[in-house]
Amino acid sequence: MVSDFLGLSGVHVFLTGASGGVGLVTARAFLEQGAKVTLHYNTNNSTLAPIVADYPAATCMVQARVDNEVEVAKAFEESTTKLGPVQVLVVNHGIWPTENILLKDMTLKQWSNTLSVNLTGSFLTIRAYMQQLVRSRVQKNVAIVMVGSTAGRFGEWYHADYAATKSAMMGGLTLSLKNEIVQFCPRGRVNTVAPGWIRTPMAEAALADPNVVERALATSPLNKVSKTEDIANSIVFLASERAAGNITGHVVNVDAGMEGRVLNPVTVHPAKL
C-alpha cells in the first residue's frame with residue numbers, strides 16, 4: 001500500500017548501495033511512500049529483483065563502481081532518462097574490511113581502497129547529483145542523506161581506515177555541503193544518519209556471541225541493537241521536506257543512545273582499584 005504521509009509521492013530518490021541489508025529496506029520504505037527509486041549496485045543485483053518485480057514502473061537499476069568517474073556519470077544519465085531528475089540522493093554504499101588490522105600494520109592498498117570507495121565514491125556520486133540538479137533546475141524536495149557510523153564519532157580500533165571515512169562524511173563533508181547546496185537550491189538540505197550496531201545478515205554471526213552483544217550495548221541506555229528498519233525510517237524522515245524541511249547539517253545518531261565504546265571490560269571490582 002502506498003502512503004504519501006511524508007510528501008514523497010513521485011519524488012525521485014537515487015540510492016547507492018541498494019542491494020545490501022539497509023539499502024533493500026530503505027528502497028522499499030521510499031517506494032511505500034510513493035517515491036521513484038534508482039537502485040544502485042556494484043556487482044550483484046540479485047537481491048534487487050523482487051523489488052523491481054513489485055514496483056516495475058517506479059524503479060531503475062544502475063550498475064557502477066562508485067569510485068569510477070565515468071561509471072557514476074553513466075549511472076545518473078540512465079537514472080534520469082528513465083525516472084526524471086533526481087531530487088534525493090542517499091549515499092548508503094560503503095566497505096568495511098573484515099580483518100582486524102592495526103594502522104601500523106595496514107597496507108597502503110587497503111587504506112587507499114577504503115578511502116576510494118567510501119569517501120571518493122561519496123564525492124563522485126554527490127558531485128554528479130549536484131550537477132544534474134543545476135541542469136534540471138530541480139528545487140522541490142532536494143536533499144542528501146549520507147549514512148555514517150558510530151565509528152566516525154568514537155573511532156574503531158583495527159578499522160581506522162573505515163572510521164576515518166565515516167568521520168569525514170559526518171563532519172567536514174556534511175557541514176560543507178549544507179552551505180553549498182543552497183547556492184543553487186535554496187531549500188536543499190544535507191544530513192547524515194549514523195548507525196551503531198545493526199542486525200543485518202552480515203552482523204548475525206558476531207551478534208550470536210553474547211560477549212559481543214554485551215560490549216556493544218554496554219553504554220547504550222536503550223540496550224538494543226538497531227534493526228535495518230530503524231536506519232531506513234531515519235533516512236526517509238530526513239529525505240522528506242514535509243517532515244524535516246528545516247533540518248540540515250546534522251548527524252542523527254541511531255545507536256540506542258551509545259556514549260562510547262567499551263575497550264577494557266572491568267575485571268577488578270572498583271572498590272579494589
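Being in a helix (DSSP H, G or I) and charged (D, E, K, R), is that true of even one residue in the range 183-202? No: zero hits.
Scanning the range 92-104 for residues that are surrounded by fewer than 22 Cβ atoms within 10 Å (Cβ to Cβ), touching a residue at least 60 places away in the same chain (Cβ under 8 Å) and either among the β-branched types (Val, Ile, Thr) or within 24 Å of Leu177 (Cβ to Cβ) (or both) yields a count of 2.
In contact (Cβ under 8 Å) with a residue 60 or more places away in the chain, buried (at least 18 other Cβ atoms within 10 Å of the Cβ) and farther than 19 Å from Glu180 by Cβ: does that describe Leu89? So Leu89 fails the test. Between a first residue in the range 67-83 that is farther than 23 Å from Ala35 by Cβ and a second residue that is assigned to a helix (DSSP H, G or I) and among the hydroxyl-bearing types (Ser, Thr, Tyr), which pairs have beta carbons less than 9 Å apart while being 6 or more apart in sequence or on different chains? These pairs meet every condition: Asp67/Ser116; Asp67/Thr120. Of the residues making up the range 14-39, those that are in contact with a Ser or Thr (Cβ under 7 Å, 6 or more places away or on another chain), β-branched (Val, Ile, Thr) and either surrounded by fewer than 24 Cβ atoms within 10 Å (Cβ to Cβ) or under 16 Å from Val86 (Cβ atoms) (or both) number 4.
Scanning the range 1-41 for residues that are under 15 Å from the mean Cα position of the chain (by Cα), free of Cβ contacts under 8 Å to residues at least 60 places away in the same chain and part of a loop (DSSP other than H, G, I, E, B) returns a single hit, Ser19. Figure legend. Inter-residue proximity from the range 209-237: first residues among the aromatic types (Phe, Trp, Tyr), second residues modelled with pLDDT of 95 or more, beta-carbon distance below 8 Å, spacing 6+ or different chains. Indicated pairs: Phe237/Leu6; Phe237/Ala243; Phe237/Ala244. Taking every residue in the range 241-258 that is assigned to a loop (DSSP other than H, G, I, E, B) and modelled with pLDDT under 95 and pairing it with any residue that is surrounded by fewer than 20 Cβ atoms within 10 Å (Cβ to Cβ) and not β-branched (Val, Ile, Thr), at least 6 positions away or on another chain, the pairs with Cβ-Cβ distances below 6 Å are Ala256/Ser220; Ala256/Leu222; Ala256/Lys224; Gly257/Ser220; Gly257/Pro221; Gly257/Leu222; Met258/Ser220.
The values are calculated or read from the model by the stated rules, or taken from the named source; none is laboratory data. Just so we're clear, the structure is a prediction, and the values are computed from it rather than from any experiment. Ideal geometry is used to build each Cβ from the backbone, glycine not excepted, and the neighbour counts take in all protein chains shown.
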